[in-house]
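For reference, the structure discussed in these notes is given below.
The values are calculated or read from the model by the stated rules, or taken from the named source; none is laboratory data. For clarity, every value in this text was computed on a predicted model and none was experimentally measured. Cβ: placed from backbone, ideal geometry, glycine included. Neighbour counts: every protein chain shown. The accessibility values were calculated without ligands, DNA or RNA, using every heavy atom of the protein model including side chains. Shrake-Rupley method; radii C 1.70, N 1.55, O 1.52, S 1.80 Å.
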Amino acid sequence: MKNLFILFLLILVSCKSESKSENGIDHTVSEMWNNFTKSNPEFKNEEMPEAWYFHNNKADANRLAELTLNGKKTATTTGLYNWYKEASADLTKIGTKHIVTDFDGKAKAIIEITKVDTIPFNQMSKAYAEMDMGTNIEPLKKWKKAHWDFFSSVMEENGEKPTEDMLIVLESFETVWTKK
């Protein structure tokens, strides 16, 4: 009986439809991009943008994707300016598109970068924090705590410590397409 159950489980798992493509990206990502370019033919020759989710855990990634969908999240903090310099990476260009997914990689929205700023951590404004956090309830306090904790943990791994004047990279965006 135990072997029969294992065989049934293996058959069930092998019959499960796979939602990932050969390159490991969920099929909803390419579907969303295809739908977007069909409705916006001026972008049909553009390469499909990068797809990613906000944050590093399921609850926050899904919450932030939802805030993007409903227009409450219109900005993000992408990292420390020094990380870009160390990687010899350019800052994101205005007009760049990204596909925002949930934590499981399912496409939720296409965003377009409208502004890129580099500022010291201690000069974060309440207005920008509200756009990044998607809330008007103590946005600056929540932003500072969340980002200080994040930068502290990442920098600690490299033997560094955050400072109030460390430069951070901020991106404002517009949601240009959502899951239909």
Which one of Asp149, Asp165 is touching a Pro at 6+ places or on another chain (Cβ under 9 Å), farther than 30 Å from Glu31 by Cα and exposed (fewer than 13 other Cβ atoms within 10 Å of the Cβ)?
Asp165
Taking first residues from segment 111-124 that are more than 8 Å from Ser172 (Cβ to Cβ) and second residues anywhere that are assigned to a helix (DSSP H, G or I), the pairs with Cβ under 6 Å that are 6 or more apart or on different chains are Thr118/Tyr81
Using beta carbons and a limit of 7 Å, which pairs, at least six apart or on different chains, have the first residue in segment 49-65 and under 18 Å from Pro139 (Cβ atoms) and the second one open to solvent by 50 Å² or more (accessible area, probe 1.4 Å) and modelled with pLDDT under 95?
Leu64/His55
Given (1) loosely packed, with under 12 Cβ neighbours inside 10 Å; (2) more than 17 Å from the chain's Cα centre (by Cα); (3) within 25 Å of Met131 (Cα to Cα), number of the condition Asn57 does not satisfy
(2)
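Does Lys142 fit the bill of being open to solvent by 70 Å² or more (accessible area, probe 1.4 Å) and not in a loop (DSSP other than H, G, I, E, B)?
Working: open to solvent by 70 Å² or more (accessible area, probe 1.4 Å): yes; not in a loop (DSSP other than H, G, I, E, B): yes.
So Lys142 fits the description; yes.
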